[in-house]
Every structure is written in structure tokens, then in C-alpha cells.
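S.K.: One structure follows; several queries about it will come next.
The values are calculated or read from the model by the stated rules, or taken from the named source; none is laboratory data. The shown structure was predicted, so the numbers you read here are calculated from the model rather than taken from an experiment. No Cβ is skipped: glycine too gets one built from the backbone with ideal geometry, and neighbour counts run over all protein chains shown. We work out accessible area using only protein heavy atoms, side chains counted, and drop any ligands, DNA or RNA first. Shrake-Rupley method; radii C 1.70, N 1.55, O 1.52, S 1.80 Å.
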Amino acid sequence: MLNEIQKRILEQVADMAKIPEGAVNIRSDGQKEYRHNTKNIQITSKTDKEGIDIHIAPFTKDEEVHIPVIVTQSGFHDLVYNDFFIGEGAQVNIVAGCGISNCGDCDSEHDGIHTFHVGKNAKVTYTEKHYGEGTGTGKRILNPQTILYLEEGASVTLETVQIKGVDDTKRYTKAEIGKDAEITIQEKLLTHGDQHAVSEMDVFLNGENAKTRVISRSVAQDTSSQIFYPRVEGNCACFGHVQCDAIIMGNAKVRAIPEITCNHVDASLIHEAAIGRIAGEQITKLMTLGLTAEEAEEEILKGFLR
Amino acid sequence: MLELRNISVTVPAENGDADILKNISLTLEDKKFVVVTGPNGGGKTTLAKVIMGLLTPSAGQIFYNGQDITALSIAQRAKLGISYGFQQPPRFKGMKVSDLLRIAAGRFLTHEEACSYLTKVGLCARDYLDRDVDTSLSGGEVKRIEIATVLAKNADLMIYDEPEAGIDLWSFARLTETFQELHDQQQKTILIISHQERIIRLADEIILVANGQVQERGPVEKIYPMILNDTVAGCNRLEVEGKC
Ligand SMILES: Nc1ncnc2c1ncn2[C@@H]1O[C@H](COP(=O)(O)OP(=O)(O)OP(=O)(O)O)[C@@H](O)[C@H]1O
Ligand SMILES: [Mg+2]
């Protein structure tokens, strides 16, 4: 059913060498390639626009949802809306990923808009991996949006990873956090060549005792550039911590513009941003353990983006 | 055998150049356990860095097992069997204790092997192997992990720079046992920079470095009493003149 290119991309973005367990929806060049529902997880195609609705029944325990997207046609522009409705007390692990293989000369683009309605006390981990490959001169462009609404006591871990091959990316993440709910956002990004990446984020802590932790780690190599705008707003007694760390190499450029807004006397928000080259001491330390300078650099980056 | 010939290190300072190491010549026999001690700022760390290749001397040569290594890189010296535990080890965001031990050993370590190195420095392996070597570790923890990596590297020449610094009494006792073992096994050449009597007492030989020079060198029984009597390295001049 799947061809070699599709399989290889799936391995990259979804760690899947074959069709995984759980609910699955594979989209390839704008078409539904494969779908599998479970008793608790129902995936249906939207009728008014491109995309799917994913309904997860209340109190579903430890199930997985995989919704990878593949783009292999040069010049293909894909715009898709995926809406998740996660019932009260459900515990799910959602893996989305997008891989573009562009061997042609036209730009290929996938814009995924993911909206999450996370019910009371539900616990969700959401992983999104981006990968690009191909020998053509056409650009590989990904512009994902992730919108999350967390009800009371809900807990979400959002992990986004983009390590290779995406030429241009503009990511937007928005989260509204209710009472006693919490979200951890982990972003890992590596750009090289002349790639360009922008990540913008708005987290609203609206319910009492809402919490967020934003951890952004990025590496900019060659002449690539990155811009981060993490913004957190505290509207009640809440806690937020934003940490942006970037390693800059070659002639790359990185801008980080964190913004924290406290609209309540009991809102406690912290941001830290650090951009710099790899500390020379770290490299020399690893060299004393027998690595060459290049090997040392590789180990440091691997750990940093783990 | 390690041999330093007329090593000098000069750095630019406010009023002209400062000589941190002044024409040091020194040999270190294989499988000896030697402690370098001396006042703060005397040049001990500088000496260690010159041996490891972290600093290039302004003059002089270094020979290791007969080979001139003065122009070799840090990594090349490491491959020849020289290792150095930093006085102030760097921290790494995202790198785990187990990663550092693996890199040091140059191969994947079994859980038991990795644990054994941590145990030797008094760390409870279960709690630490998966920890990041970042600012979340305390000073004493990072220091002990640094020593564990040098143990894992298991080089022929191990240089430890104030391994006792910042380490609590209980761990220090464990650490002294580890050094005692290294001493008794007599398989490696050990050069420890230390201010601690318990480590100094383990030494086959003490080298006293002050003012960028080797001031004295000899067995513990001879050198240690001299230090206690403050006959060689003290800075009594400051008190005499009442100014600095
Ligand atoms: N890069 C440098 N530039 C200027 N001065 C330096 C530099 N590195 C070291 N020094 C000076 O050289 C002297 C020797 O330093 P070194 O670190 O070798 O001392 P040490 O004997 O290891 O001291 P301690 O016992 O405090 O660790 C000190 O006075 C120090 O301030
Ligand atoms: Mg020192």
C-alpha cells in the first residue's frame, strides 16, 4: 500500500516502520491514504473543509493516535484542519508529523492547523515532528498552527521537533489554560543552510493555579535564521516559566523576544533567554576525553536537542 | 615518563607581561603517585593545562614516553593516554552523566560499569546516571562526576585538579579510598593537585609549586613539615609590610 518514499518519511516523522497500533490516519498528497478507528477513538473526515475530527471518548486509558502527513508531489500546497475533542479524564498519546519529499523544482507546502479541546482532567501528550528531504530546488515549507483549550485539571505536554530539511517554517501556538490545568511546551529546532524559522506562541493562564513551562532549544547553523516570540499572559494566580536557549554557529542569526504579562498580583511569570556559541570549555573538556573538536561539537548538539 | 623541559608561560597583564610559569623542568616517572601542592595562584592549574594541551607554553618542550608532544592537540594527547580532571568542570545542557561516562570510556558502558565509576566517587548511581550535567547539579556533584569521567577514561597518566574541592566529608572519605586503591594498584601515573593533608599523605612524592616555579620536591616526610613550618611558600611579606 505504502511506497518506499512514503515509508521512509513515516519512519522519520512518526518513528513508524509499519502501521502502528491505535487509531491511525495517514494523509498523503492531500488524500486519505489509510484510516483505522478504535472503540474509543473515532476519526471522521470534515465535510466543509479539508481535515479530520478526532473524538476521544471520556476516560479512554493509555491509547495512541497517529496522524502523519506526507507530501511527495513537488508544487503541492496542502492546507488541513485537524480538530481533537478529548473527553474528560482521557489519557492519550498523540503523534502527528509531517514529512515533505520534494525532488522537483516547485515549492511544496503543508499547513496544518491543529485544534485541541482538552476535557476536564484529561492527560495528553502531543508530539509533532517535521522533516524535509529531496534533491530538487523547490522549497519545503511547513506552517503549523496548534491551538489548545485546556479545561479544569487538564494536562498537556506538547513536543515539537524540526531537525532537518525544512526550508521555511512559521509556527504559531496558542493555548488557553483553565483552573488547575497545566501545559508544558517543548520546542526543538535545528536550522542549517539558508533556512528560516519563526516560532510565535501565546499562552494565556486564565484559571486559578494554571501552569505553563515553555522550553525552547534551538541550533542555528550556517547562514540560517530563527526568530522566537514566546508570550505568556497571567490573568489570575498562576505560574509560568519560559526558557529559550539557542546555540548559534557559523553566520547564523537568532532573535528571541520573550514577553511576559502579569495582569494579576498573584501571577508569577519568569522568562530566560540565552543565545550563544558553544562554550569553548565544553569542547575542550570533551577533547580531553579523546574526541576531536568536530566530534565534541556533535555530542554537545545531540545532547542539547535531545 | 613525562618530561617538561624549561616550560614558561607568559600572559599579557596590566603592567607588561606576567610570567605564570617560569622555566619549569620536571620529570614524572611512570606509575608514581605524585601530589602537587602550593599556595593559591602559584601556577599548579597552569602546569596541568600545559601538560594536557589546554594552554600552549611560551617556551619549552613537553615529552611523553620520549615523544615531543608540545605541538600536539588536546585530543591527540588524550589518545596518547593523558587525562585531566578540571578544577572547575564545565556544565552541559542536555548531556547526561551517562553520556559523559560513555564518551570518557570511549565505548558503551553497561549499567553496572557506569555505576561502579559513580560509586567510586561516593555518588549513588541510580540517582545520577540519567541526570543532566547542567546547573541543576550542585558544585560538589559536578566535581565528583568530573572525577568519575577521568576514572572511566582510565588513561595512563591521570591529572586531578583539587579533587577534594567542595566535596563533603563522607564523599571525601570514599574518594580517598579510591585514590588509595589507585596508589596501591600502581598501574597508572597519578598527578594530583591538592591542598588536603589526607591526599598529600598518600603521595610517593610531593612537588611544591609557588610563584610559577618548582620550589621543592621530595618525599612526604621531608616536604610536609616544611610546608607546615611555612619556611618556603608563605607570603609573610604582606603582613610585614602591612600593605598589599
Ligand atoms: N589567562 C590568564 N591571564 C592572566 N593571569 C592568569 C591567567 N591564567 C592564570 N593567571 C594567573 O596565573 C597565576 C597561576 O594561576 P593557576 O590557576 O595556575 O594557580 P593555582 O596554583 O592553580 O591556584 P589555586 O590553588 O588557587 O587553584 C594566578 O595568579 C592567576 O591569576
Ligand atoms: Mg588551580
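S.K.: Obtain the nm distance between the two label points defined at A:Y34 and A:E200 by a simple spin-label model: each point lies 7 Å from its Cα along the Cα-to-C-beta direction.
M.R.: My value for the distance between the label points is 3.6 nm.
S.K.: Rank-order B:178-190, A:145-157 by packing density, defined as the average count of other C-beta atoms within 10 Å over each peptide's residues, highest first.
M.R.: Packing proxy ranking, top to bottom: A:145-157, B:178-190.
S.K.: Here's another thing I want to ask about it. Would you mind checking the pairs A:K39/A:K164; B:K31/B:K79; A:K39/A:K179 and listing those with alpha carbons more than 28 angstrom apart?
M.R.: Pairs exceeding 28 Å: A:K39/A:K164; A:K39/A:K179.
S.K.: In nm, give the distance between the simple-model label positions of A:D111 and A:C236, each being 7 Å from the Cα along the Cα-to-Cβ direction.
M.R.: Distance between label points: 3.3 nm.
S.K.: Let me ask something else. Please list the non-local residues whose amide H lies under 5 Å from the amide H of A:V203, H modeled 1.01 Å from N, same-chain partners needing a gap of 5 or more.
M.R.: It is A:A175, A:R231, A:V232, A:E233, by chain and number.
S.K.: Considering chain A as a Gaussian network with a 10 Å cut-off on Cα pairs, which listed residue, A:L289, A:L158, A:L142, attains the greatest mean-square fluctuation?
M.R.: A:L289
S.K.: Give a residue-ordered list of calculated ³J(HN,Hα) values for region A:122-136 (Karplus: 6.51 cos²θ - 1.76 cosθ + 1.60, θ = phi - 60°; whole Hz; x for Gly, Pro).
M.R.: 6, 10, 10, 10, 10, 10, 10, 10, 10, 8, x, 8, x, 9, x
S.K.: For region B:56-117, which trypsin sites (Lys or Arg not before Pro) are both in a DSSP coil and crowded by at most 16 other Cβ atoms within 10 Å?
M.R.: Loop-located and lightly packed - B:R107.
S.K.: Taking square-rooted eigenvalues a ≥ b ≥ c of the alpha carbon gyration tensor, is region A:1-80 rounded, prolate or oblate, where a/c under 1.5 means rounded and, failing that, a/b exceeding b/c means prolate?
M.R.: Oblate.
S.K.: If I model chain A as equal point scatterers sitting on the Cα atoms and use the Debye formula, what is log10 I(q)/I(0) at q = 0.12, 0.15, 0.16 Å⁻¹?
M.R.: Values, matching the q order: -0.83, -1.21, -1.32.
S.K.: So what J values fall out for region A:218-229 if you push phi through Karplus, 6.51 cos²θ - 1.76 cosθ + 1.60 with θ = phi - 60°, rounded to Hz, Gly and Pro as x?
M.R.: With the stated coefficients, region A:218-229 comes to 9, 10, 10, 10, 6, 10, 6, 9, 9, 9, 10, 10 Hz.
S.K.: Could you list which residues have their amide H under 5 Å from that of A:A273, counting only those 5 or more apart in sequence or on another chain, with H placed in the peptide plane?
M.R.: Under 5 Å from the amide H of A:A273: A:C244.
S.K.: Do the alpha carbons of any pairs in B:K44/B:K222; B:K22/B:K120; A:K61/B:K93 sit beyond 26 Å of each other, and which pairs?
M.R.: B:K22/B:K120; A:K61/B:K93
S.K.: Any aspartates and glutamates with Cα under 19 Å of the A:K253 Cα? List them, leaving off those in the same chain fewer than 8 positions away.
M.R.: A:D167, A:D168, A:E187, A:D194, A:E200, A:D222, A:D245, A:E272, A:E297
S.K.: What is the average number of partner chain Cβ atoms found within 10 Å of a Cβ in B:81-87?
M.R.: Going residue by residue through B:81-87 and averaging, the value is 2.
S.K.: When the Karplus curve 6.51 cos²θ - 1.76 cosθ + 1.60 is applied with θ = phi - 60°, which whole-Hz ³J(HN,Hα) does each residue of region A:230-235 get, with x for Gly and Pro?
M.R.: In residue order, the calculated couplings are x, 10, 10, 10, x, 10 Hz.
S.K.: A further question on this structure: Quick one: which residues, 5 or more positions from A:S28 or on another chain, have an amide H under 5 Å from its amide H? H modelled 1.01 Å from N in the peptide plane, none for Pro or chain starts.
M.R.: HN-HN under 5 Å from A:S28: A:E33, A:I70.
S.K.: Would you list B:D19, B:D130, A:D107 from the most to the least accessible area, probe 1.4 Å?
M.R.: Ranking B:D19, B:D130, A:D107 by accessible area, largest first, yields B:D130, B:D19, A:D107.
S.K.: Give me the percent of accessible area attributable to carbon and sulfur for the protein assembly as shown, probe 1.4 angstrom.
M.R.: Carbon plus sulfur share of accessible area: 47 percent.
S.K.: Once you average over the residues of A:289-297, how many Cβ atoms of partner chains fall within 10 Å of each Cβ?
M.R.: 6
S.K.: Can you put A:R231, A:R255, A:R277 in order of accessible area, largest first, using a 1.4 Å probe?
M.R.: A:R277, A:R255, A:R231
S.K.: Looking at the P(r) of region B:64-133, how many percent of alpha-carbon pairs lie beyond 21 Å?
M.R.: Roughly 37 percent, once rounded to a whole number.
S.K.: Another question, if that's okay. As a test question: what accessible area, to the nearest 10 Å², does A:H36 have when a 1.4 Å probe is rolled over all protein chains in place?
M.R.: Accessible area of A:H36: about 80 Å².
S.K.: What is the sum of charges, Lys and Arg at +1 and Asp and Glu at -1, for the other residues whose Cβ falls under 12 Å from the Cβ of B:L129?
M.R.: Value of the local net charge: -2.
S.K.: Eigenvalues of the Cα gyration tensor times 5, then square-rooted: what semi-axes does that give for region B:1-46, in whole angstrom, largest first?
M.R.: Ellipsoid semi-axes (Å, largest first): 25, 13, 6.
S.K.: If you don't mind, another one. How much of the pair distance distribution for chain B lies past 34 Å, counting alpha-carbon pairs only, in percent?
M.R.: 17 percent
S.K.: For the B and A pair, go ahead and give the buried accessible area with a 1.4 Å probe, both sides summed, in Å² to 100.
M.R.: Buried: approximately 1900 Å² between A and B.
S.K.: Additional query: Taking the Cα centre of region A:58-190 as origin, work out the dipole magnitude from +1 charges on Lys and Arg Cβ and -1 charges on Asp and Glu Cβ, in debye rounded to 20.
M.R.: Dipole magnitude for region A:58-190 comes out near 200 debye.
S.K.: Run the dipole for chain A about the Cα centre, Lys and Arg Cβ at +1, Asp and Glu Cβ at -1, nothing else charged, and hand back the magnitude in debye, nearest 20.
M.R.: Using Cβ point charges on Lys, Arg, Asp and Glu, chain A gives about 220 debye.
S.K.: Continuing with this model, one more query. So what is the accessible area of the protein assembly as shown per residue, in Å², with the probe set to 1.4 Å?
M.R.: Per residue, the protein assembly as shown has 44 Å² of solvent-accessible surface.
S.K.: Another question about this same structure. Taking the simple approach of a point 7 Å from Cα along Cα-to-Cβ for both B:R174 and A:R306, what is their distance in nm?
M.R.: My value for the distance between the label points is 2.1 nm.
S.K.: Which value, in nm² and rounded to one decimal, describes the direction-averaged projected area of the C-alpha convex hull of the protein assembly as shown?
M.R.: Its Cα hull, projected and averaged over all orientations, spans 31.6 nm².
S.K.: Of B:L109, B:L55, which has the most accessible area with a 1.4 Å probe, and how do the rest follow in descending order?
M.R.: B:L55, B:L109
S.K.: Ok, one more. Could you work out, residue by residue across A:272-282, how many beta carbons of other chains sit within 10 Å of that residue's beta carbon, and then give the average as an integer?
M.R.: Rounded to a whole number, the mean comes out at 2.
S.K.: In whole angstrom, note down how far apart the Cα centers of region B:154-190 and region B:55-99 are.
M.R.: 18 Å
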